[in-house]
Ligand SMILES: Nc1nc2c(ncn2[C@@H]2O[C@H](COP(=O)(O)OP(=O)(O)OP(=O)(O)O)[C@@H](O)[C@H]2O)c(=O)[nH]1
Ligand SMILES: Nc1nc2c(ncn2[C@@H]2O[C@H](COP(=O)(O)OP(=O)(O)OP(=O)(O)O)[C@@H](O)[C@H]2O)c(=O)[nH]1
Ligand SMILES: [Mg+2]
Ligand SMILES: [Mg+2]
């Protein structure tokens with residue numbers, strides 16, 4: 001739908017051919033385009049502003065390289081900076097020295113928590129762990145059943161106590177894991193709005209009671225500007241250990257990834273790439289950077305040069 | 001609390017973040033300058049209105065200011081609201097009802113936006129109006145999607161037509177239409193599995209269901225309702241475009257407006273695409289659905305009117 005950054009910058013830099021040095025004026029023009037591209041990708045406005053200021057500084061006064069066009073050069077700087085901000089590849093779950101390792105998934109309604117719980121269980125059981133899935137969503141119709149169906153598909157046990165208090169459920173689940181020799185507990189929680197204090201308190205209580213080793217925020221890749229407030233509130237309340245971006249198999253630019261990463265400072269650990277239970281991949285910052293900029297072609301563009 | 005009061009309450013968070021920011025742009029300034037317009041544009045972009053629609057809206061405000069020769073920034077507030085109202089339109093677009101019955105409504109959208117929940121709420125509303133409602137469990141893919149709809153059917157007290165998980169959604173729609181006719185239902189709501197619009201095989205499947213519905217009953221589906229999550233950013237435009245191309249979307253329902261998301265992308269959709277927003281979702285309960293009335297919506301956002309019911 002939207003023009004990629006490459007195309008935008010090419011238009012601007014047509015006039016720049018043959019110049020020796022990228023001037024402040026050139027960069028200002030280019031940065032306007034970068035800003036637009038990022039906003040259209042749903043990167044939060046404030047994050048964009050900071051980012052652009054930072055990149056601008058790096059770009060001014062650089063020599064125009066023989067090998068790259070000015071557009072490509074700016075793109076490279078933008079891309080490198082973006083990749084760095086998005087963090088490294090860290091598809092790792094903190095494993096507790098004393099089992100069981102407890103993981104809790106939190107997030108807005110419909111983000112993909114329950115599905116991701118199933119995916120994580122599958123991934124980690126392949127790595128030799130013995131997960132227990134915990135049905136901690138007592139509100140959504142058939143939420144427990146949904147997790148049970150996934151458990152059945154995976155042949156992984158699901159702990160549930162019906163509509164019992166979620167704090168109690170989490171606590172009993174950990175006891176159950178201890179007594180049945182499960183070394184990994186994955187707690188699914190109900191979707192909630194970050195502004196719903198009562199439900200946010202519920203999560204804080206679960207955390208206080210079972211002390212999870214990983215609290216992961218599940219974020220829909222299609223999320224808009226609001227991603228910043230969501231991630232910030234969850235992080236303030238719970239102290240997140242990581243983020244999982246879902247629905248990256250769609251065509252959203254996924255600028256929310258940059259926003260949540262920036263505002264929480266926690267790593268994006270995994271990318272949800274489909275509805276099936278094997279569709280969970282390590283998060284790749286460089287690919288994400290390309291995607292946010294709307295340039296699947298950026299690498300080839302630079303390689304060609 | 002009346003209808004409007006509840007709407008207003010549920011939009012409190014949205015109001016606090018969006019309107020107050022807009023007001024801040026207009027207050028405590030001497031004159032109207034470029035900075036002001038830029039700030040206004042920024043607030044709009046932060047509400048997910050999108051760059052191009054925000055620019056359009058600001059341009060209209062700019063023209064309004066010129067035409068009326070306005071000097072004080074404080075007066076911009078009214079102009080802005082007028083222009084927003086203009087862009088959003090005034091009319092409410094009700095769900096189309098087939099007077100000969102049954103009215104067939106297909107509900108579509110990407111994963112997790114609130115399709116099934118919206119169906120539950122709609123069923124509740126129509127039932128309260130004395131209509132005979134039926135549901136079709138057309139999501140045969142997602143784990144426990146059928147159970148979820150079944151719980152809604154029980155909660156509301158309406159019939160549901162369902163097949164096994166993994167079965168053909170077209171066959172479910174087929175059965176449901178025939179059941180709706182023979183049981184003389186007024187409304188049939190067809191749930192479908194969430195699907196990302198860039199997956200062509202899934203869009204083909206949806207097209208197939210649509211085709212079966214159209215074949216089994218001339219004039220059906222009477223509505224194809226696309227559900228959008230208010231938290232969604234610019235991707236919503238792509239969703240509207242591609243779903244419309246595939247199954248001829250006739251209306252939009254915007255869910256999860258009870259958060260702080262401003263649903264600003266609706267402004268972009270209404271401005272740039274000719275598909276009306278018909279319903280809004282403001283919570284997870286069965287009473288949390290409202291017809292979308294642009295004027296009420298803007299009023300509730302601004303906290304302007306008191307409960308009038
Ligand atoms: N295409 C795609 N769909 C996904 C992905 N992750 C989850 N989904 C789908 O998104 C929808 C919502 O997923 P759930 O796991 O039920 O989300 P949730 O966060 O548990 O939802 P609530 O419990 O209602 O808050 C379902 O249709 C899932 O199949 C993904 O990575 N890609
Ligand atoms: N706060 C809030 N939550 C909502 C609203 N509408 C739906 N939800 C929640 O969003 C989540 C997803 O809703 P569903 O109705 O299952 O969404 P869906 O589109 O049918 O999902 P799939 O079938 O998996 O694609 C559930 O937790 C709902 O309770 C709303 O208006 N406000
Ligand atoms: Mg869930
Ligand atoms: Mg559904």
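Things worth noting here:
- Here residue B:67 clears all of (1) buried (at least 20 other Cβ atoms within 10 Å of the Cβ); (2) farther than 29 Å from residue A:38 by Cβ except the condition numbered (1).
Every residue, every condition in (1) crowded, with 24+ Cβ neighbours inside 10 Å; (2) more than 14 Å from chain A (Cβ to nearest Cβ), yes or no:
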{"site": "B:95", "(1), (2)": "no, yes"}
{"site": "B:98", "(1), (2)": "no, yes"}
{"site": "B:104", "(1), (2)": "yes, yes"}
{"site": "B:113", "(1), (2)": "yes, no"}
{"site": "B:126", "(1), (2)": "no, yes"}
{"site": "B:133", "(1), (2)": "yes, yes"}
{"site": "B:138", "(1), (2)": "yes, yes"}
{"site": "B:142", "(1), (2)": "no, no"}
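- When the criteria are applied in full, residue A:99 fails the requirement of being more than 16 Å from ligand 4 (Cβ to nearest atom), touching a residue at least 40 places away in the same chain (Cβ under 8 Å), more than 22 Å from residue A:221 (Cα to Cα) and buried (at least 24 other Cβ atoms within 10 Å of the Cβ).
- Residues in segment B:118-129 include none that are more than 16 Å from the chain's Cα centre (by Cα), over 21 Å from residue B:290 (Cβ atoms) and outside any loop (DSSP other than H, G, I, E, B).
- At least 1 residues being within 16 Å of ligand 2 (Cβ to nearest atom) and at pLDDT 95 or above is the threshold, and among the helices (runs of 4 or more DSSP H) wholly inside segment A:181-272 those reaching it are A:197-210, A:227-238.
- So residue B:212, is it surrounded by 20 or more Cβ atoms within 10 Å (Cβ to Cβ) and not assigned by TED's automatic domain parsing to the domain that holds residue B:49: no
- Residue match in segment A:69-88 (condition: exposed (fewer than 14 other Cβ atoms within 10 Å of the Cβ) and over 30 Å from residue A:266 (Cβ atoms)): no
- Test: residue in segment B:162-170 that is in contact (Cβ under 8 Å) with a residue 40 or more places away in the chain and assigned to a loop (DSSP other than H, G, I, E, B): no
- Odd one out for residue A:220, checked against (1) over 17 Å from the mean Cα position of the chain (by Cα); (2) within 8 Å of chain B (Cβ to nearest Cβ); (3) closer than 22 Å to residue A:133 by Cα: (1)
- Candidates A:169, A:206: the one that is in contact with a helix residue (DSSP H, G or I) (Cβ under 7 Å, 6 or more places away or on another chain) and farther than 30 Å from residue B:228 by Cα is A:206.
- In the set B:160, B:151, only one residue is surrounded by fewer than 24 Cβ atoms within 10 Å (Cβ to Cβ), within 14 Å of chain A (Cβ to nearest Cβ), within 16 Å of ligand 3 (Cβ to nearest atom) and at pLDDT 95 or above; that residue is B:151.
- Members of segment A:188-203 found to be in contact with a helix residue (DSSP H, G or I) (Cβ under 9 Å, 6 or more places away or on another chain), within 17 Å of residue A:163 (Cα to Cα) and within 12 Å of ligand 1 (Cβ to nearest atom), listed by number: A:188, A:189, A:190, A:191, A:192
- Of the residues contained in segment B:100-114, one or more are found to be away from ligand 1 (no atom under 16 Å from the Cβ) and either free of Cβ contacts under 8 Å to residues at least 24 places away in the same chain or in a helix (DSSP H, G or I) (or both).
- From the list A:120, A:150, the lone residue that is touching a residue at least 60 places away in the same chain (Cβ under 8 Å), within 22 Å of the chain's Cα centre (by Cα) and more than 23 Å from residue B:285 (Cβ to Cβ) is A:120.
- All conditions but one from (1) away from ligand 1 (no atom under 16 Å from the Cβ); (2) in a helix (DSSP H, G or I); (3) closer than 30 Å to residue A:111 by Cα apply to residue B:203; the one that does not is (1).
- Candidate set: segment A:89-140, residues that are within 16 Å of ligand 2 (Cβ to nearest atom) and assigned to a strand (DSSP E or B); chosen: the one nearest to residue A:191 (Cα to Cα): A:106
- Test result for residue B:279, touching a residue at least 40 places away in the same chain (Cβ under 8 Å), more than 14 Å from chain A (Cβ to nearest Cβ) and within 22 Å of residue A:193 (Cα to Cα): yes
- Some residue of segment B:22-39 being under 24 Å from the mean Cα position of the chain (by Cα), in contact (Cβ under 8 Å) with a residue 12 or more places away in the chain and either within 14 Å of chain A (Cβ to nearest Cβ) or surrounded by 12 or more Cβ atoms within 10 Å (Cβ to Cβ) (or both): yes
- Taking the numbered list (1) within 28 Å of residue B:285 (Cα to Cα); (2) within 14 Å of another protein chain (Cβ to nearest Cβ); (3) in contact (Cβ under 8 Å) with a residue 24 or more places away in the chain in turn, residue A:164 passes all entries but (2).
- Residue in segment B:164-177 that is more than 16 Å from ligand 4 (Cβ to nearest atom), in the same structural domain as residue B:207 (by TED's automatic domain parsing) and touching a strand residue (DSSP E or B) at 6+ places or on another chain (Cβ under 8 Å) present: yes
- Some residue of segment A:140-154 being more than 12 Å from chain B (Cβ to nearest Cβ) and either within 15 Å of ligand 1 (Cβ to nearest atom) or surrounded by fewer than 23 Cβ atoms within 10 Å (Cβ to Cβ) (or both): no
- Helices (runs of 4 or more DSSP H) lying entirely in segment B:12-94 (those with 2 or more residues that are at pLDDT below 85): B:12-26, B:76-88
- Residues in segment B:273-285 that are over 8 Å from the mean Cα position of the chain (by Cα) and under 23 Å from residue B:96 (Cβ atoms): B:273, B:274, B:275, B:276, B:282.
- Yes/no for residue B:146 being buried (at least 21 other Cβ atoms within 10 Å of the Cβ), within 16 Å of ligand 1 (Cβ to nearest atom) and at the interface with another protein chain (Cβ under 10 Å from one of its Cβ atoms): yes
The values are calculated or read from the model by the stated rules, or taken from the named source; none is laboratory data. Keep in mind the model is a prediction, meaning the values are calculated, not measured. Glycine also receives a Cβ, built like all others from the backbone with ideal geometry; neighbour counts cover every protein chain displayed.
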